[in-house]
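I have a structure here, written as structure tokens, and I will follow up with some questions on it.
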Ligand SMILES: Cc1ncc(COP(=O)(O)O)c(C=O)c1O
């Protein structure tokens, strides 16, 4: 028996619900064509991932209600009249499931003034590659230095000897000192899982913050033994 379904992956970090709704329209129309022209009855349509997250303050998370209302309307308009009412739908979202629920916690190691002001962290692009790789914005806060703290415009750098190893460029942030704890937000997707060991960087531990406020280590930090574990001596 041959079984068929449709799958697409056309969006990435999209915040406009209409984009997802229009993806559903495209697949629903195709589902009807496949049945009409080839006699293929699909079991399900997978709309892929692509739902974005509000990385920047002021951005709005995508409204799931708007997405589901829009998709339901199209289902009633395209799928049901074509007699395909049993068609199942699925998503395979990644970023939106994990991204906002992880933070990279780092400590300031150095503060220096050259032709610009720099704050150097003990984390680096081996822990979170997105800013260095795509220039992506990740919101940064400093523990204990909230609204009203004096600020300065800085580049926040990692500890790798790569010019692009920066978490923020020309960002207005609270004035920082060595030892300050810096929180880099929305690091739950494309963070640890994209990590790497260049320059002998060891991957950090991962901690789970439970709803009752307790914290549990769910992955220990790598050691030098881990780094050399695959070397054939
Ligand atoms: C085939 C496929 N499905 C799902 C995803 C998850 O996408 P997202 O994290 O944008 O929800 C990806 C990400 O690249 C993908 O390539």
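Each value in this text was obtained by applying a stated rule to the coordinates, not by laboratory testing. Because the structure is predicted, anything quoted here is derived from the model rather than measured. Ideal geometry is used to build each Cβ from the backbone, glycine not excepted, and the neighbour counts take in all protein chains shown.
So what is the 222 nm mean residue ellipticity for the chain from helices alone, if each DSSP H run of at least 4 adds -39500 (n - 2.57) and you divide by all residues, rounding to the nearest 500 deg cm²/dmol? All intermediate terms of the calculation are to be shown ahead of the outcome.
On the way: 5 runs with 47 residues, N = 233.
Calculated mean residue ellipticity at 222 nm is -6000 deg cm²/dmol.
Which one of 47, 38, 143 has the biggest mean-square fluctuation once the chain is modelled by GNM with Cα springs under 10 Å?
Greatest mean-square fluctuation among the candidates belongs to 38.
Applying 1/(1 + (r/R0)^6) with R0 = 35 Å to the Cβ-Cβ distance of residue 199 and residue 153, what FRET efficiency is obtained, to the nearest 0.05? Mind dumping the intermediate values first?
Numbers: r = 28 Å, r/R0 = 0.80.
Working from the Cβ atoms, E equals 0.80.
In nm, what is the difference between 0.36 nm times the number of residues separating residue 116 and residue 9 and their Cα-Cα distance?
Values: separation 107, 0.36 × 107 = 38.52 nm, distance 4.11 nm.
Roughly 34.4 nm would be gained on extension.
Sort 232, 37, 206 so the one with the fewest other Cβ atoms within 10 Å of its own Cβ comes first.
Details: 232 3, 37 8, 206 14.
Ascending number of Cβ neighbours within 10 Å: 232, 37, 206.
Let me ask something else about it. Can you give the Rg and Dmax of the stretch 102-220 based on its C-alpha atoms, in angstrom?
Computed over the Cα atoms of the stretch 102-220, radius of gyration and Dmax are 14.1, 46 Å.
Can you give the extra length, in nm with one decimal, that the chain gains between residue 93 and residue 163 once fully stretched, where that is 0.36 nm per residue apart less the Cα-Cα distance? Display every interim value, and only then the final one.
On the way: separation 70, 0.36 × 70 = 25.20 nm, distance 3.26 nm.
Full extension from residue 93 to residue 163 adds 21.9 nm.
Of 26, 129, how do they rank once you tally other Cβ atoms within 10 Å and put the fewest first?
Values: 26 14, 129 19.
Final ranking by Cβ density, sparse to dense: 26, 129.
Could I have the simple spin-label model distance between residue 64 and residue 41, label points 7 Å from Cα toward Cβ, reported in nm to one decimal?
Taking the simple label geometry, residue 64 and residue 41 are separated by 3.1 nm.
Any idea how far apart residue 208 and residue 16 come out in nm if each label point goes 7 Å out from Cα toward Cβ?
Placing both labels 7 Å beyond Cα along the Cβ direction yields 3.9 nm.
Only counting other Cβ atoms within 10 Å, I'd like 116, 166 sorted with the fewest neighbours first.
Values: 116 11, 166 21.
If I rank by nearby Cβ atoms, fewest first, I get 116, 166.
Measure nothing fancy, just the Cα-based angle from helix 17-38's long axis to the longest principal axis of the chain, in degrees from 0 to 90, nearest 10.
Relative to the chain, helix 17-38 is tipped by roughly 40 degrees.
Could you work out how far helix 64-74 tilts from the main Cα principal axis of the chain, as a 0 to 90 degree angle to the nearest 10?
20 degrees
Residues of the stretch 193-222 with amide nitrogen under 17 Å from the 7 Å Cα-to-Cβ point of residue 228?
199-203, 222
I've got another one for you. Determine which residues of the stretch 186-215 fall in the zone a paramagnetic label at residue 139 would reach in this model, i.e. backbone nitrogen under 14 Å from the point 7 Å along Cα→Cβ.
So the set is 186-188.
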